[in-house]
Structure formats: C-alpha cells, structure tokens
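The values are calculated or read from the model by the stated rules, or taken from the named source; none is laboratory data. Predicted model only: the values in this text are computed from it and were never measured. We place every Cβ from the backbone using ideal geometry, glycine too, and count neighbours over all the protein chains shown.
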Amino acid sequence: MSTFRAKKSLGQNFLKDPYYLDKIVDSARITSHDLVLEIGPGLGHLTRVLAARAGRVLALELDERLIPLLRKDFAECRNVEIVQADALEYPYAGLSDKWKVVANLPYYLSTPIIQKLLNNRERFDTLTLMLQKEVADRIASPPGVKEYGYLSVLVQLYAEPHIEFLVPAGAFTPRPDVDSAVITLALRGSPAVSLRDEGSFLRVVKAAFSQRRKTLRNSLKQLDVSKEKMEAVLDRTGIDLGRRAETLNVEEFARLADFLLF
C-alpha cells in the first residue's frame with residue numbers, strides 16, 4: 001500500500017508511527033476478551049496492532065479502493081473482518097454484545113460520527129477516538145471557558161471524557177494542518193442527570209449555544225416559550241437568564257429544559 005494516494009475529500013491522514021499506534025491501543029485498554037469496532041482503518045496500521053490484542057476486530061472503511069488491499073493484508077487474521085461501510089450509515093443497533101470503538105476520525109466528520117455513536121451508546125463500553133485537538137478540547141471542556149459548547153454538553157451527558165495524549169501533525173502521512181489528540185469516552189450506564197425528555201434537553205442546549213454571545217434570555221427566544229414562563233425561570237429553577245450558555249453545567253441545563261418545555 002506504499003503507493004496508495006490519500007484522498008483529501010475523505011479527510012485521509014494515515015498514522016504509521018508505531019509509538020503512537022501502541023499508545024492508542026493502550027489507552028483503549030484492549031484485551032483478548034474485547035470486541036473492537038474500528039472506524040476508518042485506512043492502510044491498516046492500527047488494525048494490525050488491534051488484531052494482535054483483541055478478541056475480534058470489525059473494521060469499517062468507506063473508501064472502496066482500500067477494501068481489497070485490506071482484505072488481502074488481513075486474509076490470515078481470522079479475528080479481523082473488513083467491511084465497506086459509511087460510519088454515519090452503519091446499523092450499529094444490530095451489533096450483539098458490547099464493543100469498544102477505536103477510531104482515527106476524519107476531522108470534517110468527527111462530530112456527526114460521535115453523535116451517531118452516542119445515539120447507539122448501549123452497544124459500546126468506550127470510544128477511543130483520535131480527533132483534531134480543538135475538538136477534543138471542546139469535548140472535555142468544563143463550563144465557563146470558551147471551548148465549552150453544545151458538543152461538550154452532549155458528550156458529557158452520556159460519557160466521561162478523558163484526553164489521553166496529543167499526536168503531532170508530523171506523525172501523519174499526508175501531514176494535516178493541525179495537531180490531533182486521542183480522547184477516551186467512557187459511556188455512562190445512564191445519563192449524567194435525570195431528564196424528563198432527552199430530545200427536549202438537547203433542543204434547549206442547541207438553542208442556548210446557537211447565539212453564544214447573547215444571554216439565555218435572547219438565545220432561547222427561538223423555542224417559542226411564553227413570556228410568562230420565561231419570566232418565571234429564575235424563581236422556579238434558580239437560573240438567571242442574564243447568564244450566557246457557557247456558564248451552565250449539565251445539571252442546570254436539565255433543570256432549564258424540564259421547566260421550559262413541560
């Protein structure tokens with residue numbers, strides 16, 4: 001595969017450095033008992049390390065050019081299955097048992113893929129993801145800082161994020177324009193806070209961050225909540241609508257959503 005040309009349109013940046021490949025698998029805490037779902041095996045370098053440690057590896061690759069090459073390379077690895085599939089369309093609900101996800105996600109698709117995986121979180125124990133450093137920082141960010149946003153709240157509702165280590169741009173071929181980070185999301189058995197309706201909660205969070213420089217009073221107007229209810233928010237929830245979205249933690253967003261939309 002040495003002459004394979006990466007497609008910029010697919011966000012292909014291949015990691016070959018054995019030091020970082022081992023660190024990713026170490027971070028995912030892979031054992032011979034684990035079922036591993038790899039998204040975007042690319043040239044198969046990480047797949048090879050996973051195959052040596054995991055009980056089974058299911059690798060989803062979108063690029064049809066890579067499928068015959070990968071299947072040839074892993075023909076003798078009985079615990080590896082290569083499937084041509086779009087990670088945004090794959091039927092994760094059909095997976096049996098619990099899996100660990102390990103993925104080098106294309107930067108431009110990282111957020112929708114994370115959302116898709118979280119929507120199927122009952123199938124997974126952990127997600128160990130290599131992302132653009134900026135995205136990893138946003139996911140792990142606490143309230144009160146500029147990186148904190150919708151993605152932070154979404155992930156922290158369903159998982160406990162931990163940034164494992166940074167990967168410099170020079171470790172990839174072709175070299176990306178930014179550094180990367182590996183982050184592990186440990187899926188929670190239940191959401192971090194009790195919610196009356198998860199969809200309503202996410203509607204409120206999305207609206208709140210849609211105009212993040214504005215106060216909650218202004219950004220939440222799009223929810224079409226009555227003026228009387230908006231005026232009662234402080235008394236009923238203890239949340240001042242003069243605050244901005246990035247100052248609210250997950251529990252406060254839950255209180256706000258449960259009051260506004262019910």
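Tabulated values for the structure
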item: Matching option when the condition is of a type in the set (K, R) and within 19 Å of R244 (Cα to Cα), among R138, R121; result: R138
item: Selected residue [of a type outside the set (K, R), under 15 Å from A28 (Cα atoms) and at pLDDT 95 or above] from L95, L127, L117; result: L127
item: Condition check for A93: within 20 Å of L43 (Cβ to Cβ) and assigned by TED's automatic domain parsing to the domain that holds F14; result: no
item: Selection within the range 115-141 - out of contact with any Ser or Thr (no Cβ under 7 Å at 6 or more places or on another chain) and free of Cβ contacts under 8 Å to residues at least 40 places away in the same chain; result: Q115, K116, L117, N119, N120, E122, R123
item: Residue match in the range 222-234 (condition: assigned to a helix (DSSP H, G or I) and either touching a residue at least 60 places away in the same chain (Cβ under 8 Å) or polar (S, T, N, Q) (or both)); result: yes
item: Whichever residue in the range 61-98 is of a type outside the set (F, W, Y) and crowded, with 19+ Cβ neighbours inside 10 Å and, among such residues, is farthest from N13 (Cα to Cα); result: V80
item: Any hit, the range 239-248, residues being of a type in the set (A, V, I, L, M, F, W, C), in a helix (DSSP H, G or I) and outside the structural domain of S110 (by TED's automatic domain parsing); result: yes
item: Verdict on T111 being free of Cβ contacts under 8 Å to residues at least 60 places away in the same chain, among the hydroxyl-bearing types (S, T, Y), within 17 Å of G40 (Cα to Cα) and surrounded by fewer than 20 Cβ atoms within 10 Å (Cβ to Cβ); result: yes
item: Number of positions in the range 124-140 that are surrounded by fewer than 19 Cβ atoms within 10 Å (Cβ to Cβ) and either under 17 Å from L95 (Cβ atoms) or touching a helix residue (DSSP H, G or I) at 6+ places or on another chain (Cβ under 7 Å) (or both); result: 1
item: Residues within the range 158-214 that are part of a strand (DSSP E or B) and not aliphatic (A, V, I, L, M), tallied; result: 9
item: Some residue of the range 129-152 being β-branched (V, I, T), under 15 Å from R188 (Cβ atoms) and in the same structural domain as I39 (by TED's automatic domain parsing); result: yes
item: Residue satisfying all of: in the range 182-196; in contact with a Ser or Thr (Cβ under 7 Å, 6 or more places away or on another chain) and buried (at least 18 other Cβ atoms within 10 Å of the Cβ); nearest to Y20 (Cα to Cα) among these; result: V182
item: The range 141-165, subset surrounded by fewer than 19 Cβ atoms within 10 Å (Cβ to Cβ) and of a type in the set (V, I, T), residue modelled with the highest pLDDT; result: I163
